[in-house]
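To start, the structure itself, in structure tokens.
The values are calculated or read from the model by the stated rules, or taken from the named source; none is laboratory data. If you're wondering where the values come from, they're calculated on a predicted model, not measured in any experiment. Ideal geometry is used to build each Cβ from the backbone, glycine not excepted, and the neighbour counts take in all protein chains shown. The area values use the complete protein model at the heavy-atom level, side chains included, leaving out ligands, DNA and RNA. Shrake-Rupley method; radii C 1.70, N 1.55, O 1.52, S 1.80 Å.
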Amino acid sequence: MMNLNLFFHHSALLLLFSPLFPLNLMAQPPTCSQEDRAALLSFKAGILKDTTGILSSWVGIDCCRAWEGIECHPKSGRVVRLQLQRSQQSVGQALYMKGTLSPSLGKLQYLQVMVLSGMKQIYGVIPESLSNLGHLTQLYLENSLLEGPIPSSLGKLTSLVELSLSGNRLQGQIPQSLGSLRNLIQINLGRNSLTGTIPSTFQNLHSMQLFDISHNLLSGGIPGFVGQFQNLTYVDLSNNQLAGVLPLLLCSLPKVLDISLGDNKLTGLIPSQIGNLKSLNSLSLSNNFLTGSIPESLGRLQKLWYLNLSKNELSNRLPNSFRIGLPSLISIDLSYNYLHLDSIQDWIKEKELREVKLAGCNIGGTLPVFTRADLLSSIDLSNNNLTGNIGDFLTNMTSLEVLNLSDFLQKSSSILESLDISRNKITGRLPQFSEATSLTYLVLSKNSITGQIPISISNLATLEKLDLSRNQIMGALPATMGEMVRLLWLDISSNKLTGSIPATFSGLSSIRHVSFRANKLCGQIPQKRPFNIFPAAAYAHNQCLCGRPLPPCRKI
């Protein structure tokens, strides 16, 4: 006789999998609540144009399973996530949403995550009603056109862990109330127009890991309590108007990886205690008013790969510790201080660096030979007293590859993107150029370069800026330069160039700045935009150039 419990269990299974039992009722989440759906539709109504296509899926009654960017609780059907996100680097640059943020968003009372990022054209103010979202843990309203003040009522969102309002047009002071968000581990208010000082209440944010208030108009000093954020890994206060000295407590962050304080008004010395930041990967103190010597302790930072101390008032020589220290360094910028390097030190030439920027460092001697020139992506040695032959310098940059001069800048041998050795005493001729897909910026102005511009210069197909001004270059302009269609800036002024401006230059339709000034050019200027609408000064002091914007050419 069958056990009665087994009978009912067996019968239930048969019923469950029988054709009469609707399988779509099994473990299916409920549709979203009517209240949440109405709030979302009010948001949609405030968006006047949507080229992303996201909101076109917001039709029907089931916003939980069919609407893009919406996620619901699996049991209650209440909306817990609203995530509309487009990368700023996405290929579809025309993708955006245009409109305002509806106050109805504040009715999504169970919402935990709100991400509206990269929509570009969402304008107006941040609704006060968002302070009603008591369950919110993440709030991202980034990279759009939001304006007005940051609502102080956001300080009521005590569950908030991550807050980012970056990349908008927000104004006014940072509310003191944000210091009540004691669970915050990330705050990003960068790239706005915020004023005032860093709120004193931020000292309550002991869990902070990421702190970014860069690219604003903030003033006052850097508060010492920033050094008390023991979990802080990333701090960016750059591009503000912060003044005063670097607080010593900033040098006691045990986990910090990245410190960026550039483009402020900081004064005083770089503290010697900065060598205590054992985890530091990246340090930028550029464009301030820092004085004194670079501390020896910097050389003890074993993990530092990026160092930018440019545009300060630092003096004396480089620390001896740099010669044997900084084993991870791949990028160094010491430009425009009061340093007296005399020559480029061997440790700089021998390290496996990607970026070397030593402009205005009183460097003399011949152009350097970098041991691992094949790794370099950016070089700036401008405003020094270097001598030597430009062709030799370019050859030496690929000498380890055993490449000829004609192979310089070839894709397989170099990732060089930017080369600036202007304002030196460089002599010799320009080399022949083979195809290079990386170089976008070539500045050789204010030297003593002679010879002609080689026809092969057109092989630099990705070049956007070319400045050969104030040299002694002669001969005709190669017609092949008209093939350099990505050029935005061309300056070949103050040379000894002859002949005409080739008609092929009409193909440079993207160019925004030219100067042919002070040469010996003659003939008609290409009579197509933009060449015929550039200022007349761009063509002045030549032999006999004519045609708009200069007087008409004479008929023979």
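Of everything in segment 268-293 that's outside any loop (DSSP other than H, G, I, E, B), touching a Phe, Trp or Tyr at 6+ places or on another chain (Cβ under 8 Å) and of a type in the set (S, T, N, Q), which residue is surrounded by the fewest Cβ atoms within 10 Å (Cβ to Cβ)?
Result: Ser282.
Kindly indicate whether Thr498 is touching a helix residue (DSSP H, G or I) at 6+ places or on another chain (Cβ under 7 Å), surrounded by fewer than 19 Cβ atoms within 10 Å (Cβ to Cβ) and at negative phi.
For Thr498, the condition - touching a helix residue (DSSP H, G or I) at 6+ places or on another chain (Cβ under 7 Å), surrounded by fewer than 19 Cβ atoms within 10 Å (Cβ to Cβ) and at negative phi - is not met.
Return yes or no: is Gln432 within 17 Å of Thr480 (Cα to Cα), open to solvent by 60 Å² or more (accessible area, probe 1.4 Å), at pLDDT 85 or above and assigned to a loop (DSSP other than H, G, I, E, B)? If you could, list the steps in order and put the result at the bottom.
On the way: within 17 Å of Thr480 (Cα to Cα): yes; open to solvent by 60 Å² or more (accessible area, probe 1.4 Å): yes; at pLDDT 85 or above: no; assigned to a loop (DSSP other than H, G, I, E, B): yes.
In short, no.
Going through segment 478-517 one residue at a time, which ones are more than 13 Å from Asp467 (Cβ to Cβ) and touching a Lys or Arg at 6+ places or on another chain (Cβ under 6 Å)?
Thr498, Ser506
Restricting to segment 186-208, give me the number of residues that are open to solvent by 40 Å² or more (accessible area, probe 1.4 Å) and either touching a residue at least 40 places away in the same chain (Cβ under 8 Å) or outside any loop (DSSP other than H, G, I, E, B) (or both).
The qualifying residues number 6.
Only residues that are of a type in the set (D, E, K, R) and either in a loop (DSSP other than H, G, I, E, B) or open to solvent by less than 60 Å² (accessible area, probe 1.4 Å) (or both): list them for segment 253-267, please.
Once the filter is applied, which keeps residues that are of a type in the set (D, E, K, R) and either in a loop (DSSP other than H, G, I, E, B) or open to solvent by less than 60 Å² (accessible area, probe 1.4 Å) (or both), segment 253-267 yields Lys255, Asp258, Asp263.
Test of understanding: among Glu296, Glu313, which residue is surrounded by fewer than 17 Cβ atoms within 10 Å (Cβ to Cβ), within 19 Å of Leu250 (Cα to Cα) and touching a Ser or Thr at 6+ places or on another chain (Cβ under 9 Å)?
Glu296
Tally up the residues in segment 322-380 that are small (Gly, Ala, Ser) and more than 28 Å from the chain's Cα centre (by Cα), please.
Residues that pass the stated criteria total 4.
Can you go through Ile222, Ile213 and tell me which one is of a type in the set (Val, Ile, Thr), open to solvent by 10 Å² or more (accessible area, probe 1.4 Å), within 25 Å of the chain's Cα centre (by Cα) and over 24 Å from Trp347 (Cβ atoms)?
The conditions single out Ile222.
Considering (1) of a type in the set (A, V, I, L, M); (2) free of Cβ contacts under 8 Å to residues at least 40 places away in the same chain; (3) part of a loop (DSSP other than H, G, I, E, B), say which one Leu250 fails and leave the rest.
The number of the failed condition is (3).
Just for strands (runs of 3 or more DSSP E) wholly inside segment 496-556: which have at least 1 residues that are small (Gly, Ala, Ser) and within 37 Å of the chain's Cα centre (by Cα)? Write out each step before concluding.
Working: elements: 496-499, 513-515, 520-524, 544-546.
Qualifying strands (runs of 3 or more DSSP E): 513-515.
When segment 345-359 is examined, which residues are found to be in a helix (DSSP H, G or I) and buried (at least 16 other Cβ atoms within 10 Å of the Cβ)?
Ile348, Lys349
Matching residues to (1) at pLDDT 95 or above; (2) within 22 Å of Pro175 (Cα to Cα); (3) touching an Asp or Glu at 6+ places or on another chain (Cβ under 9 Å); (4) among the charged types (D, E, K, R):
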position: Ala39; (1), (2), (3), (4): yes, no, no, no
position: Ile47; (1), (2), (3), (4): yes, no, no, no
position: Ser76; (1), (2), (3), (4): no, no, no, no
position: Gln93; (1), (2), (3), (4): no, no, no, no
position: Leu111; (1), (2), (3), (4): yes, no, yes, no
position: Glu128; (1), (2), (3), (4): yes, yes, no, yes
position: Leu136; (1), (2), (3), (4): yes, yes, no, no
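Only one of these conditions is not met by Asn264: (1) modelled with pLDDT of 95 or more; (2) over 27 Å from the mean Cα position of the chain (by Cα). Which number is it?
(2)
Quick check: is even one residue across segment 214-234 in a strand (DSSP E or B), under 23 Å from Gly99 (Cβ atoms) and not charged (D, E, K, R)?
No: zero hits.
Going by what's in this entry, would Cys546 be described as open to solvent by 40 Å² or more (accessible area, probe 1.4 Å) and touching a Cys at 6+ places or on another chain (Cβ under 9 Å)? Reasoning before the result, please.
Working: open to solvent by 40 Å² or more (accessible area, probe 1.4 Å): no; touching a Cys at 6+ places or on another chain (Cβ under 9 Å): yes.
Taking the combined requirement at face value, the residue does not satisfy it.
Scan segment 31-45 for residues that are open to solvent by less than 50 Å² (accessible area, probe 1.4 Å) and in contact with a Leu (Cβ under 7 Å, 6 or more places away or on another chain) and jot them down.
Scanning segment 31-45 gives Asp36, Ala39, Phe43.
How many of the residues in segment 148-184 are open to solvent by less than 40 Å² (accessible area, probe 1.4 Å) and touching a strand residue (DSSP E or B) at 6+ places or on another chain (Cβ under 8 Å)?
First pass over segment 148-184, keeping only residues open to solvent by less than 40 Å² (accessible area, probe 1.4 Å): 148, 150-151, 153-155, 157, 160, 162-168, 170, 172, 174-175, 177-179, 181, 184.
Still in the running and touching a strand residue (DSSP E or B) at 6+ places or on another chain (Cβ under 8 Å): 148, 150, 154, 157, 160, 162-168, 170, 172, 174, 178, 181, 184.
So the answer is 18.
Only one residue in Asn385, Asn362 is surrounded by fewer than 20 Cβ atoms within 10 Å (Cβ to Cβ), under 20 Å from Ile426 (Cα atoms), of a type outside the set (Val, Ile, Thr) and at pLDDT below 85, so which one is that?
Details: Asn362 fails: at pLDDT below 85.
Sole residue among the options that is surrounded by fewer than 20 Cβ atoms within 10 Å (Cβ to Cβ), under 20 Å from Ile426 (Cα atoms), of a type outside the set (Val, Ile, Thr) and at pLDDT below 85: Asn385.
Can Arg470 be described as in a loop (DSSP other than H, G, I, E, B), touching a helix residue (DSSP H, G or I) at 6+ places or on another chain (Cβ under 7 Å) and within 26 Å of Arg423 (Cβ to Cβ)? Full working, then the answer.
Numbers: in a loop (DSSP other than H, G, I, E, B): yes; touching a helix residue (DSSP H, G or I) at 6+ places or on another chain (Cβ under 7 Å): no; within 26 Å of Arg423 (Cβ to Cβ): yes.
Considered against the rule, which asks whether it is in a loop (DSSP other than H, G, I, E, B), touching a helix residue (DSSP H, G or I) at 6+ places or on another chain (Cβ under 7 Å) and within 26 Å of Arg423 (Cβ to Cβ), Arg470 comes out as no.
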